Amino acid sequence: MAEVWTLSECSFHGLKDVSYELLARGRALADELGVLLGTVVLGHRIQGEDLQSLIEHGCDVVYVADDQSLANFTCESYANVLVPLIQEKGPQVMIAAATTTGRTLMPYVAVKVHAGLTADCTELAIEKETKNLLQTRPAIGGNIMATIKSPDHRPQMSTIRPRSTKKPLPDAKRTGTVVRIASSPTWKNEQVQVLGLRSLEGQSASIEEADIVVSGGKGLKKRDNFSLIEDLAKAFDGEVGASRDAVDRGWAAYPHQVGLSGKTISPRLYVAVGISGAIQHLAGIKTAKCIVAINHDEHANILNLADFALVGDLFAILPEIQKRLQERSR
Ligand code: FAD
């Protein structure tokens with residue numbers, strides 16, 4: 001029976017948390033279909049304990065490609081492994097995270113294997129009668145939830161928002177198989193080579209995976225004031241987000257933009273400061289667990305979605321929050 005697959009992601013420090021979140025999703029689908037759950041791990045110098053950990057967290061078969069050419073993510077070389085693997089093993093479902101890797105790799109692979117792809121899903125389920133994958137995602141600026149099927153092509157491919165599922169609990173007694181894929185010279189992509197990696201100072205912007213995001217908008221008035229957002233994000237040990245207006249004004253870099261033409265995020269806490277809540281901004285935060293809005297306009301649209309609202313002048317409220325945080329940490 002064709003398997004359900006996930007794509008695990010590695011960083012320099014080992015497996016990313018999102019790999020486990022995908023296993024929770026994949027396990028539920030595989031159980032519903034009565035098939036094995038596989039995961040594909042691509043990288044270099046992948047640790048044996050990470051592979052065992054994937055099994056303990058719900059995976060049955062771990063497909064590993066470990067090679068120097070896969071040390072850094074490049075779409076072409078990762079696809080050079082994944083495409084033939086999919087063609088050989090024929091999984092019926094392939095899910096990846098809607099991270100930079102997943103969003104870049106999955107469309108490329110989908111085209112190569114002639115499959116459909118539903119990006120940025122928030123829910124996945126199996127249709128009882130047909131056993132097709134039901135892929136649900138926000139559509140039309142986040143105003144409706146659309147459920148999409150790909151009945152005619154396999155695998156059914158989706159990317160799923162990070163942090164939209166809990167990491168499963170490990171079970172040290174679980175057993176599974178590790179399948180090592182023999183390295184091939186075809187993996188290396190001569191046209192694209194990574195010469196080095198450099199982090200952009202102040203632009204880490206992993207807001208898709210952040211637990212807490214503090215975003216600023218036009219209400220901050222000028223670039224200098226945006227440091228209030230950076231300071232609050234730091235105090236919360238979170239990441240900085242921004243509305244498009246703030247990004248267009250150069251107060252934050254594009255990787256920080258939240259919304260329809262920026263990133264869709266699902267943090268545990270989202271703090272929107274001086275952001276009106278335009279429909280395009282809300283499209284990016286619909287699945288945040290808790291939204292706190294700080295705005296001096298009690299009719300601002302963001303208040304319709306917010307769980308908590310602080311109505312008042314942000315220039316008075318933010319220093320007060322900082323003061324109270326400092327008092328608590330003493
Ligand atoms: P504004 O709408 O001007 O809101 C500023 C808010 O600050 C107001 O609510 C005001 O009451 C409040 N404020 C002002 N001063 C204070 C103060 N002293 N104290 C407290 N509150 C104060 N936008 C995005 O954000 N992300 C996207 O991805 C995105 N994509 C788009 C795609 C398309 C195709 C289009 C057409 C638009 C898109 N937009 C996007 C733009 C969007 O429509 C809005 O223009 C934008 O979100 C507004 O940004 P803002 O909330 O920072 O500014």
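Things to note:
- Screening region 282-303 for residues that are open to solvent by less than 20 Å² (accessible area, probe 1.4 Å) and modelled with pLDDT of 95 or more and picking the one that is farthest from the ligand (Cβ to nearest atom) gives ILE291.
- Selection count, region 150-202, where residues are over 25 Å from the mean Cα position of the chain (by Cα) and exposed (fewer than 11 other Cβ atoms within 10 Å of the Cβ): 9
- Every residue from region 258-276 that is open to solvent by 10 Å² or more (accessible area, probe 1.4 Å), modelled with pLDDT of 95 or more and within 11 Å of the ligand (Cβ to nearest atom): GLY274, SER276
- All positions within region 62-86 that are among the β-branched types (Val, Ile, Thr) and either over 20 Å from SER184 (Cβ atoms) or assigned to a helix (DSSP H, G or I) (or both): VAL81, VAL83, ILE86
- Condition check for ALA306: modelled with pLDDT of 95 or more, within 11 Å of the ligand (Cβ to nearest atom) and surrounded by 18 or more Cβ atoms within 10 Å (Cβ to Cβ): no
- Positions within region 226-245 being in a helix (DSSP H, G or I) and either touching a strand residue (DSSP E or B) at 6+ places or on another chain (Cβ under 8 Å) or surrounded by 24 or more Cβ atoms within 10 Å (Cβ to Cβ) (or both), in sequence order: PHE226, LEU228, ILE229, GLU230, LEU232, ALA233, ARG244
- For ILE279, the conditions (1) of a type in the set (Val, Ile, Thr); (2) within 13 Å of the ligand (Cβ to nearest atom); (3) under 17 Å from the mean Cα position of the chain (by Cα); (4) open to solvent by 20 Å² or more (accessible area, probe 1.4 Å) are fulfilled apart from (3).
- GLY250 being open to solvent by 10 Å² or more (accessible area, probe 1.4 Å) and modelled with pLDDT of 95 or more: yes
The values are calculated or read from the model by the stated rules, or taken from the named source; none is laboratory data. No experiment lies behind these values; they were computed from the predicted model shown. FYI the Cβ positions are ideal-geometry reconstructions off the backbone, even for glycines, and counts take in every protein chain you see. Surface areas here come from the heavy atoms of the whole protein model, side chains and all, with no ligands, DNA or RNA. Shrake-Rupley method; radii C 1.70, N 1.55, O 1.52, S 1.80 Å.
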